[in-house]
Amino acid sequence: MKVFKVIGEIRKPNWQTPFEKEVMALKPEHALEKVYTELGSKHRVKRFHIKINRVEEIPPEKVEDPLIRKLLAGEGKIGWQS
């Protein structure tokens with residue numbers, strides 16, 4: 001698995017906000033799909049309101065998300081699964 005940083009913005013008629021999201025995926029296309037899915041389910045944002053500016057693969061040393069960092073470190077169980 002690779003780690004991708006997806007950078008973009010949510011553009012709604014009365015609301016606009018930038019975002020950066022780190023996701024684990026095999027290909028950049030899969031990372032995009034994951035971001036669309038997560039933003040849509042957590043923030044009730046339709047896909048056409050999401051504008052993706054950049055998708056870049058990042059090395060494991062530069063990962064900021066603690067959950068992804070823990071997964072990359074090989075600590076198999078996370079949180080409630082311990």
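Quick note: the coordinates plus some simple rules give every number you see, no bench work behind them. Keep in mind the model is a prediction, meaning the values are calculated, not measured. Reconstructed Cβ throughout: ideal geometry from the backbone, glycine too, with neighbour counts over all protein chains shown.
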Q. For residue 21, which aspartates and glutamates qualify as cross-link partners when the Cα separation must be under 17 Å and same-chain residues fewer than eight apart are set aside?
A. 9, 29, 33, 38, 56, 57, 61, 64, 65
Q. Expressed as an acute angle from 0 to 90° and rounded to the nearest 10, what is the orientation of the C-alpha long axis of helix 28-43 relative to the principal long axis of the chain?
A. 70
Q. Taking the structure as given and computing P(r) over Cα pairs in 5 Å bins from 0, in percent, which label from [x] 3, 14, 24, 22, 17, 12, 6, 2, 0; [y] 3, 16, 26, 25, 19, 10, 1; [z] 3, 15, 27, 23, 14, 8, 6, 3, 1, 0 fits?
A. [x]
Q. Say the dipole of the chain comes from +1 at the beta carbon of Lys and Arg and -1 at that of Asp and Glu; which of 13, 58, 31 then lies farthest toward its positive end?
A. 13
Q) Picking from 40, 1, 74, whose Cα lies most toward the positive end of the charge dipole for the chain (charges on Cβ: Lys, Arg +1; Asp, Glu -1)? A) 40
Q. Pairs 5/42; 42/62; 12/42: which exceed 21 Å Cα-Cα?
A. 42/62
Q | Length-normalised contact order for the chain - Cα pairs under 8 Å, 6+ apart - percent | A | 35
